[in-house]
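Asks: Sharing a structure, written as structure tokens. Questions coming.
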Amino acid sequence: MKSVLITGASAGIGAACARAFLDAGWRVGLMARREGALNAVAAGHEHAVPLQGDVTSPEDVAHCFAEFTATAGRLDVLFNNAGSFGRAAMIDELGYDEWRQVVDVNLNGMFLCAQAAFAQMRRQQPQGGRIINNGSISAHAPRPGSVAYTTTKHAITGLTRTLSLDGRAFDIACGQIDIGNARTELLEGIIAANPDAPPPTMEVAEVGRAVVQMADLPPEANVQFMTLMATKMPYIGRG
């Protein structure tokens, strides 16, 4: 049975992807801070492994990855998903602590999880695996007032490229999915703030289908970058 560890698995995109992998017959590690929400996602699935932990804690990351690989036997895929948008604000209105909180989750947390996955995949037998980073449309085109989020998502593209290059010698592939306007709890807040002109959206389940497709490729093939978004988003052209 193939194995995947998903961070930020208690809600939104992470939970949708967890359900998609479970439905596809994978053993799924569910990592997030909220134990109750993790257990709710795992309920009824014998191959779900809840892993309570904070991606910003090196100790938590090491513990969760060790616990999952001990259960699954190996790590085939990491979906490096946990993230935080933070408060929308102009740069001169954003507190340094607010900046650091977003950077800690979106960049440092993704580094720690990629590092743990890379180490496991490099040393397991047979060697190799796949890391899929959750980028964002904001890795290419930002929303107004999103300096912390957008900066970190641009950085994730650099992480993806470096992992792809460094992983070649160890049969570790790395790809990135850039998602736009999947209907999650985060997007509901944006919709509520714009009742007269709600943004175009898509079902979050479509993200789960896409990530499973990326993960299920044979080792010699890789989706380097995928952009999945609501069809009518003003991303192409002037909008």
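Asks: Take the range 26-41 and flag every residue that is touching a strand residue (DSSP E or B) at 6+ places or on another chain (Cβ under 8 Å) and free of Cβ contacts under 8 Å to residues at least 24 places away in the same chain.
Replies: Across the range 26-41, the qualifying residues are Arg33, Glu35, Asn39.
Asks: Going residue by residue through the range 161-177, is there one that turns out to be in contact with a helix residue (DSSP H, G or I) (Cβ under 8 Å, 6 or more places away or on another chain), aliphatic (A, V, I, L, M), part of a helix (DSSP H, G or I) and buried (at least 20 other Cβ atoms within 10 Å of the Cβ)?
Replies: yes
Asks: Give the residues of the range 2-25 that are over 13 Å from the mean Cα position of the chain (by Cα) and free of Cβ contacts under 8 Å to residues at least 60 places away in the same chain, sorted by residue number.
Replies: We begin by selecting, within the range 2-25, every residue over 13 Å from the mean Cα position of the chain (by Cα); these are 2-3, 19-25.
Residues satisfying the conditions are Leu22, Asp23, Gly25.
Asks: Right, here's the next one. Could you please let me know if Asn222 is touching a Gly at 6+ places or on another chain (Cβ under 7 Å), in contact (Cβ under 8 Å) with a residue 24 or more places away in the chain and of a type in the set (S, T, N, Q)?
Replies: On the way: touching a Gly at 6+ places or on another chain (Cβ under 7 Å): yes; in contact (Cβ under 8 Å) with a residue 24 or more places away in the chain: yes; of a type in the set (S, T, N, Q): yes.
Yes.
Asks: Any residue in the range 183-200 that is in contact with a Ser or Thr (Cβ under 8 Å, 6 or more places away or on another chain) and touching a residue at least 40 places away in the same chain (Cβ under 8 Å)? Can you show your working first?
Replies: Of the range 183-200, the ones in contact with a Ser or Thr (Cβ under 8 Å, 6 or more places away or on another chain) are 183, 187, 191, 200.
Cutting the leftovers down to touching a residue at least 40 places away in the same chain (Cβ under 8 Å) gives us none.
There is no residue in the range 183-200 that is in contact with a Ser or Thr (Cβ under 8 Å, 6 or more places away or on another chain) and touching a residue at least 40 places away in the same chain (Cβ under 8 Å).
Asks: Residues in the range 7-15: is at least one buried (at least 24 other Cβ atoms within 10 Å of the Cβ) and in contact with a Lys or Arg (Cβ under 6 Å, 6 or more places away or on another chain)?
Replies: Checked against the condition, which is being buried (at least 24 other Cβ atoms within 10 Å of the Cβ) and in contact with a Lys or Arg (Cβ under 6 Å, 6 or more places away or on another chain), the range 7-15 yields at least one hit.
Asks: A follow-up question, please. Go through the range 139-160 and count every residue that is closer than 20 Å to Met90 by Cα, touching a residue at least 24 places away in the same chain (Cβ under 8 Å), assigned to a helix (DSSP H, G or I) and of a type in the set (S, T, N, Q). Give the derivation first.
Replies: Quick first cut of the range 139-160, residues closer than 20 Å to Met90 by Cα only: 139-155.
So of that shortlist, the ones also touching a residue at least 24 places away in the same chain (Cβ under 8 Å) come out as 139-141, 143-149, 151-153, 155.
Still in the running and assigned to a helix (DSSP H, G or I): 139, 147-149, 151-153, 155.
Among the residues that remain, those that are also of a type in the set (S, T, N, Q) are: 151-152.
Total satisfying the criteria: 2.
Asks: Counting just the residues of the range 58-73 that are over 20 Å from Arg19 (Cα atoms) and touching a residue at least 40 places away in the same chain (Cβ under 8 Å), which one comes out surrounded by the most Cβ atoms within 10 Å (Cβ to Cβ)? Reasoning before the result, please.
Replies: Taking the range 58-73 as the starting set, the residues that turn out to be over 20 Å from Arg19 (Cα atoms) are 58-63, 66-67, 70, 73.
Right, trim to touching a residue at least 40 places away in the same chain (Cβ under 8 Å) and you get 58, 61-62, 73.
Working: Pro58: 13, Val61: 24, Ala62: 15, Gly73: 12.
Going through the qualifying residues, I end up with Val61.
Just so you know, all these numbers are worked out from the coordinates, no wet-lab data involved. If you're wondering where the values come from, they're calculated on a predicted model, not measured in any experiment. Neighbour counts run over all protein chains shown; Cβ positions are idealised from the backbone, glycine included.
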